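Everything on this sheet refers to the single structure shown next.
The values are calculated or read from the model by the stated rules, or taken from the named source; none is laboratory data. This is a predicted model, so every value here is computed, not measured. Ligands, DNA and RNA are stripped out before the accessible areas are found, and what is left, the full protein with its side chains, is counted by its heavy atoms. Shrake-Rupley method; radii C 1.70, N 1.55, O 1.52, S 1.80 Å.
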Amino acid sequence: MDQNCYVVIYRTTLFYIILLIVFKLMGKREIGQLTLLDLVVSVLMAEIAAMAIDNLDRPIHEVLIAVGLLGLLQFTSAYVTLRFKRVREVVEGKPSIVIHQGKIDIDEMRRQRYTFDDLMLQLRANNISSIFEVEYAILETNGQLSSFKKSDISYSPLPIITSGGIEKENLLKIAKDEQWIKSQLEKQGIFSEREVYYAAYDGKELRC
């Protein structure tokens, strides 16, 4: 083998190890669970590694700097989106309720550009053959549909607080206000919604 072959083998092995480490540090997620940021970083890193292997004239330290910068941007964005709920909603979006108490929310489906065929396809994937079987269906930020059959739940689990922030749209759906949330939390010895990671309305009260 000529020298170029050895260089290709060296670079391929090196970037395989580096990308394996970086992706492991990004966290344990299935492909279908990758956020938009994760997907962008993954594609860019793969492209940079491929160009470094194809173009042997490019100094390897330049490629390592690019990979390191992408990794740093990913870790920074992950911290910021985890720390600040509003930023997370802007960057990653938020779950959308497309079926609420057995009724399809047409306006929300239009906002998400989510068709009736898409809905039925994902319901069938969840072993649900009819919309009339569904009490709630939530379109997650990764595009997957979480559905709850009427027979599977004893109450309607509607998220009201997530990561210390109030889901105002859901609060409107149950015709309650923030004063109601405050009184519900105080009954449980909690004096700020920021102390609550998750709370849901069960049809009677707020459960944390």
Review point. What accessible surface, in Å², does a 1.4 Å probe find on Asp107, ignoring ligands, DNA and RNA and rounding to the nearest 10?
Key: 90 Å²
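Take every Cα-Cα pair in the range 114-208 and report what % of them are more than 20 Å apart. Let's see the in-between values first.
Working: 1997 of 4465 pairs.
Result: 45 percent of Cα pairs exceed 20 Å.
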Revision key, fill the gap. Quick P(r) readout (the chain; Cα-Cα; 5 Å bins; whole %) gives 1, 6, 12, 13, 13, 13, 11, 9, 7, 6, 5, 3, 2, 1, 0, 0
**Study point:** Sequence of Thr115, Thr162, Thr81 from largest to smallest accessible area, 1.4 Å probe
**Key:** Thr115, Thr162, Thr81
Exercise for review: Name the most mobile residue of Val43, Val87, Val196, meaning the one with the largest mean-square fluctuation, in a Gaussian network model of the chain with Cα contacts below 10 Å.
Suggested key: Val43
Exercise for review: Could you pull the Cα extents of the range 54-150 along its three principal axes, largest to smallest, in whole Å?
Suggested key: 61, 34, 21
**Study point:** Rel. contact order, % - alpha carbon contacts under 8 angstrom, at least six apart, the chain
**Key:** 14 percent
